[in-house]
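Colleague: My questions all concern the structure below.
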Amino acid sequence: MKRLIRIGLLILVLVIVVGLVGGFMFFQALTQSPLPEHEGELTVAGLNDRVEILRDEWGVPHIYASNTYDLFFAQGYSHAQDRWWQMEFFRHTGSGTIQELTGQTDSLMGTDVFLRTLGFREVAERELAETYSPEAVAILQAFADGVNAYIGDRPNGDLALEYSTLGITGVSIDVEPWTPVDTIIWGKVMALSLGGNYDNEQLLSDLYGELDEDLVNDWFVAWPYGEKPTIVWDADLPITEANAPTAQNNPIGAGIVGINTQFAGNFTTNDLAALPIGYGEGIGSNNWVVSGDLTESGMPLMANDMHLSIQMPSIWYEIGLHCQPVSDACPYNVTGFVFTPSPGVTAGHNDYISWAHTNVGPDVQDLYQIRVNPDNPLQYEWNGEWRDMEVRDETLNFGNGADPIEFQVRITHLGPIINDNQRDEDTGELLGFNNEDPLAMRWTSLEPGTLLEGMLGLNLAQNWEEFRAALALWDGPSQNVIYADTEGNIGYQTPGRLPIRAEGHTGLLPIPGWTDEYEWRGYIPYDSLPRIWNPERGYIASANQALVPLAYYDQLAEELDSQFGDDADYTISRQWAYGYRGDRINTLIEELTPHTYETFQQIHGDNYDGSAAEILPFVAEIDMGDDVLNDARDWLVDWDYQMHMDSPQAALYAQFWKQLVSNVFNDEFGDLNESGGNNPEWWAMNLLMQDSENAWWDDVTTSETETRDEIVVRSFQQGHEATVEALGDDRDAWRWGALHGTTFVSNPLGASGISLVENIVNRGPVETSGTGNAVNANAWSAGRDDFSTRSGPSERVVYDASDWSQSMSMHTTGQSGHPYSDHYDDMIESWRNIQYHPMLWTREQVEAAVVSTLTLLPEE
């Protein structure tokens, strides 16, 4: 979140204190006191029995406990030791109370108002009371008890340096006990980051309202995308003959164009990009699994790298959870990656199976325009009658003592009205109810669910049936979950609540919300969701591309029309990643067999830009009108399309692409949109290159009518000039990494704009390979001033079902959230160079690698 807080006063006070009043001792206390104890024995109230926490050279804890309560208690304790500030910031984000940590901040007001409007805490409280089993609640409580055992008797300054630093600016933070609701709220943040599409409804409503429909259709191209693969193939379906239209004639469907879709508190989707996981383009993942037929070992290998926001510390925490002994009373023996607000393991392996995720990105949100009773702002029209709204009172409190702000949230049966409480541009005050064009948002994750119950079920699953039973409880965000087991099987399952709409309602535009015409019909039944079991080809791969071939929807219609009506639309989404990563992974799986850890490492580090491979053959045929530029063109088109950090051609191509997408799209878009040069521009540009007279090529700001070749020449010249200016005249010395750096930013101090503070908590920039449509998906935006990484592989892992102890892993920064810990940034170099560390498994393997042992003892 850019410029979250301005803390110039902090620097002044720090300089005075450090320079005049025992500076060295103060600095030592500020930076060293939060470092936790990882060695020795500690007596901890609440434990039932002795617990051992063994950490390896990377700071990865392996917890050994004799009972389930102590196991998850110790997990909460470990998370709080290493990442408490991250947990604090995450729960305040989900609760819409970030300004309790930062003080009143203009750039955060809309974010807090919007998140409070969605009401995550209220939904989480309902989930805890209504949907979770007693066993799951007990685990959530054990985890919370462990967190509180660590934070409860420590002053703020001993928990994280952020408290002391923010305190100097006048921010006073009351550290509240952790609760199971705080954990559940995190699932809602994850769902918002990974399952949102209402912003696309806003954008498309604007674009179709202002631009020619054919022009928009040539930018927002309907799926299918040529020969790009789906995850599920026709051969995987019960239906093997597809009746195959190639695209929808009217991709946009029913809806309202030109609507005012401004969100609560003048909130914009740019703010969502700073959510803890990230948001929008670049948020995705890769996973693939190959059977023993394609490996040297004769047993499955599985890989995963989940693409989330770049941040400090890492979004992931690696951990091993080991009951000792494993029994019916204490059945857990699992290792992998987890978000710090949560117990268990989100993605990993146990004794029997491994599992890995990529994001489905289904359309699970709809915006409904509401008609408010002109005589009663707390009523709305529904099927010709007035219905009462629910009203929730909200109060924003600020850590710097600013006066609280009160506002009200109106809630319909379709969801909360999200464009109430807009801010006055002059005074900054919230304007209350918007009765002119209110929009309610329906979203599956605003209904109580069982996400964490499903995640814990995966930790215990021993076979395909138990794996699928656990995922039946994983209601959102929907994921592509792949599977391998020690019996040699591989599989894939899509979980989640996926809406069924009425025919003609594509989910792409805001729709009328005063009749039941556009209400959801229900959800696709779990047993009808896509899945694969031991495919003949010997592998399964997903990279956020379209899930299924068109035949799947014909199959659903045959199965479900009698239940949901013959005008039901079962389409999961109409907006997908364009298939470049998925296509490349499939190609490399087939080319590099038989597979080993090393071949999977090669795939993880592949930097092939599939869009460049489509675009440059057209560029090769265009005369640049200048010998220097023609020579540079010939040099570029001889490139291998690999966006390696040391590639000079990659630097030139990125500069050219940045100019090309701006010259093609931004003149027509104007203030409506700014092209980021990713989805959907990759596929649209490929098609436009084949249509040299398309209206997009014309620059509407000039009196002439430009053609493709003229715009390509202009863009290439501008891109070449920009590269020379940035990197010098010697093109052999150009480096993509010199432009494409990754900076890991800590919230909120790392976005303060004060270099002294940012240098303490941030790391980077470091040169980084990759690009958004490469397997090594370190994404950047052509709409920004620089080429910095904004999202990328947040972890990389290879699971080996022949011997789990041979699995390998790495995440982005380090295990610790304390800037002065050795484990704050010790993974960065390995991460950017596609290197791994052993993913320790057996007790013997852990003991051989142990660096520190912390023993937790119960009170006598």
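The values are calculated or read from the model by the stated rules, or taken from the named source; none is laboratory data. Remember, it's a predicted structure, so these values are computed and weren't measured experimentally. All Cβ positions, glycine included, derive from the backbone under ideal geometry; neighbour counts span all protein chains shown. With ligands, DNA and RNA removed, areas are computed over all heavy atoms of the protein, side chains included. Shrake-Rupley method; radii C 1.70, N 1.55, O 1.52, S 1.80 Å.
Colleague: For segment 727-820, what does the accessible surface come to per residue with a 1.4 Å probe? Please give it in Å². Can you show the working numbers first?
Modeller: Details: 2650 Å² over 94 residues.
Result: 28 Å² per residue.
Colleague: How large are Rg and Dmax for the chain when calculated on the C-alpha trace, in angstrom?
Modeller: 26.7, 86
Colleague: While we're looking at this one, here's another question. Based on the inverse mean of 1/r over its pairs of different Cα atoms, what is the Kirkwood hydrodynamic radius of segment 537-652, in Å? Don't jump to the answer; show the numbers that get you there.
Modeller: On the way: mean 1/r = 0.0556 Å⁻¹.
Roughly 18.0 Å, rounded to one decimal.
Colleague: Over the Cα atoms of segment 71-188, compute the convex hull volume and normalise it per residue, giving Å³.
Modeller: So the per-residue hull volume is 93 Å³.
Colleague: Computed over the Cα atoms, what is the radius of gyration of segment 430-518 divided by 2.2 N^0.38 Å, N being its residue count? Working shown, then result.
Modeller: On the way: Rg = 18.8 Å, N = 89, 2.2 N^0.38 = 12.1 Å.
In units of the 2.2 N^0.38 Å rule of thumb, it is 1.55.
Colleague: Tell me, how many Å apart are the Cα centres for segment 810-838 and for segment 500-546?
Modeller: 38
Colleague: Suppose the chain between Val850 and Asp403 were pulled fully straight at 0.36 nm per residue; how much longer would it get relative to their current alpha carbon spacing?
Modeller: Working: separation 447, 0.36 × 447 = 160.92 nm, distance 5.10 nm.
Between Val850 and Asp403, full extension yields 155.8 nm more.
Colleague: Calculate, for segment 388-467, the solvent-accessible area per residue in square angstrom, rolling a 1.4 angstrom probe over the heavy atoms of the protein chains.
Modeller: On the way: 3330 Å² over 80 residues.
Here the residues of segment 388-467 average 42 Å² of exposed surface.
Colleague: Among the DSSP beta bridges whose two residues both lie in segment 285-411, what percent are antiparallel, rounded to the nearest 5?
Modeller: Just about 100 percent of them are antiparallel.
Colleague: Could you give the length gained on full extension between Asp729 and Val700, defined as 0.36 nm per residue of separation minus the Cα-Cα distance, in nm? Write out the running numbers ahead of the final one.
Modeller: Numbers: separation 29, 0.36 × 29 = 10.44 nm, distance 3.32 nm.
Result: 7.1 nm gained on full extension.
Colleague: Related question: Taking every pair of Cα atoms in segment 295-338, average 1/r, invert it to obtain the Kirkwood radius, and report Rg/Rh to two decimals. Provide the component values of the computation, followed by the final result.
Modeller: Details: Rg = 15.5 Å, Rh = 13.7 Å.
Ratio value, two decimals: 1.13.
Colleague: Hey, another quick one. Note down the Stokes-Einstein diffusion coefficient of segment 518-601 in µm²/s, whole number, using a Kirkwood radius over alpha carbon pairs, 20 °C, and 1.002 mPa s.
Modeller: On the way: Rh = 15.5 Å.
Estimated via Stokes-Einstein, D reaches 139 µm²/s.
Colleague: Next question, about the same structure. Averaged across orientations, what area in nm² does the convex hull of the alpha carbons in segment 362-509 project?
Modeller: Numbers: hull surface 56.0 nm².
So the mean shadow area of the Cα hull is 14.0 nm².
Colleague: Order Thr789, Thr707, most accessible first, counting only protein heavy atoms with a 1.4 angstrom probe.
Modeller: Numbers: Thr789 10, Thr707 40 Å².
Sorted descending by solvent-accessible area, the residues read Thr707, Thr789.
Colleague: Report the FRET efficiency, 1/(1 + (r/R0)^6), for Glu57 and Asp328, where r is their Cβ-Cβ distance and R0 is 22 Å, rounded to 0.05.
Modeller: Numbers: r = 35 Å, r/R0 = 1.57.
Efficiency, from the Cβ-Cβ distance: 0.05.
Colleague: Further, regarding this structure: Got a sec to turn the phi values of segment 736-744 into Karplus ³J(HN,Hα) couplings, 6.51 cos²θ - 1.76 cosθ + 1.60 with θ = phi - 60°, whole Hz, x for Gly and Pro?
Modeller: Those phi angles translate into 4, x, 5, 9, 9, x, 10, 10, 9 Hz.
Colleague: A follow-up question, please. At 0.890 mPa s and 25 °C, plugging the Kirkwood radius over alpha-carbon pairs of segment 580-639 into Stokes-Einstein gives what diffusion coefficient in µm²/s? Walk me through the intermediate numbers first.
Modeller: Working: Rh = 13.7 Å.
Translational D for this selection: 180 µm²/s.
Colleague: Now for a different question. Would you mind checking the radius of gyration and Dmax of segment 718-854 based on alpha-carbon positions, in Å?
Modeller: Both quantities, over Cα of segment 718-854: 18.5, 59 Å.
Colleague: Taking the Cβ-Cβ separation of Arg50 and Ser755 as r and a Förster radius of 60 Å, what is the calculated FRET efficiency to the nearest 0.05? Working shown, then result.
Modeller: Values: r = 47 Å, r/R0 = 0.78.
Calculated value: 0.80.
Colleague: Given a 1.4 Å probe and every protein chain left where it sits, what share in percent of the accessible area of the chain is carbon and sulfur?
Modeller: Details: 13710 of 30410 Å².
Taking all protein chains in place, the chain shows 45 percent carbon and sulfur surface.
Colleague: Hey, could you pull the Cα Rg and Dmax for segment 724-777, both in Å?
Modeller: Using the Cα atoms of segment 724-777, the pair Rg, Dmax is 14.5, 40 Å.
Colleague: Considering all projection directions equally, how large on average is the shadow of the alpha-carbon convex hull of segment 334-398, in square nanometres?
Modeller: Details: hull surface 38.4 nm².
Orientation-averaged projected area of the Cα hull: 9.6 nm².
Colleague: Related question: Whole number please: convex hull volume per residue of the Cα set in segment 767-811, in Å³? Intermediate results must be reported in sequence, preceding the final value.
Modeller: Working: hull volume 3.6 nm³, N = 45.
In segment 767-811, the Cα convex hull volume per residue is 80 Å³.
Colleague: By how many nm would the segment from Ala557 to Asp646 grow when fully extended, if each residue of separation counts as 0.36 nm and the alpha-carbon distance is taken off? Could the numbers behind the result be given before it?
Modeller: Working: separation 89, 0.36 × 89 = 32.04 nm, distance 5.11 nm.
Gain in length upon complete extension: 26.9 nm.
Colleague: For segment 379-464, take N as its residue count and report Rg(C-alpha) divided by 2.2 N^0.38 Å. Don't skip to the end; give the middle numbers.
Modeller: Working: Rg = 19.1 Å, N = 86, 2.2 N^0.38 = 12.0 Å.
Output field value: 1.60.
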